[in-house]
Amino acid sequence: MILNCLIVACIFGVCPLIEKHILKFIHIESFIILSAMCLFILAMIYTFFIHNIKLMEDIRFLNKNSYLYLLILLFVLLFYIAAHYIYLFTLQKHKPTHVTMVIATFPFITAILAFLFFEESIDLIQFIGFCVAVIAVVLLENELKT
């Protein structure tokens, strides 16, 4: 698990640098549309050639639980459109290190929401980590003001 998470962290660590470079040349809206089109095409290729049996099972399941279509739509609107646009806009105006450090506090929001809605516990280490992250964001904000 840790190796997989570190690989994802490395990929996520490189992404803001590539995105900031691309945004020097094209508009945010164009980047969102073009990247979404590429994602769609690659996902379709992957699905049809590798994962097609599961897709039909999943569609049948979704048809029986149609509220999940609305949940997927909400996810796309919030994550792919709203959050990504705000992120790219902020990245275009500020240093990638500052933007990603503040955004990196999202696991604590996840922990709080999981505690409230899924009855997960927050242990002492998570709480201390949350406090350290808040302090880091406050210090970063002070650095940005100077």
From the option list LEU74, LEU34, LEU39, LEU68, single residue qualifying as farther than 30 Å from LEU140 by Cβ and surrounded by 13 or more Cβ atoms within 10 Å (Cβ to Cβ) is LEU68
All-but-one check, ILE26 against (1) over 30 Å from ILE125 (Cβ atoms); (2) in a helix (DSSP H, G or I); (3) of a type in the set (Val, Ile, Thr), failing number (2)
Taking region 59-108 and keeping only residues that are of a type in the set (D, E, K, R) and not in a helix (DSSP H, G or I), one is left with LYS95
Scanning region 9-32 residue by residue, those without any contact (Cβ under 8 Å) to a residue 40 or more places away in the chain, more than 16 Å from ALA104 (Cβ to Cβ) and hydrophobic (A, V, I, L, M, F, W, C) turn out to be ILE18, ILE22, PHE25, ILE26
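None of the figures in this text is laboratory data; all of them are computed from the coordinates on show. No experiment lies behind these values; they were computed from the predicted model shown. Glycine also receives a Cβ, built like all others from the backbone with ideal geometry; neighbour counts cover every protein chain displayed.
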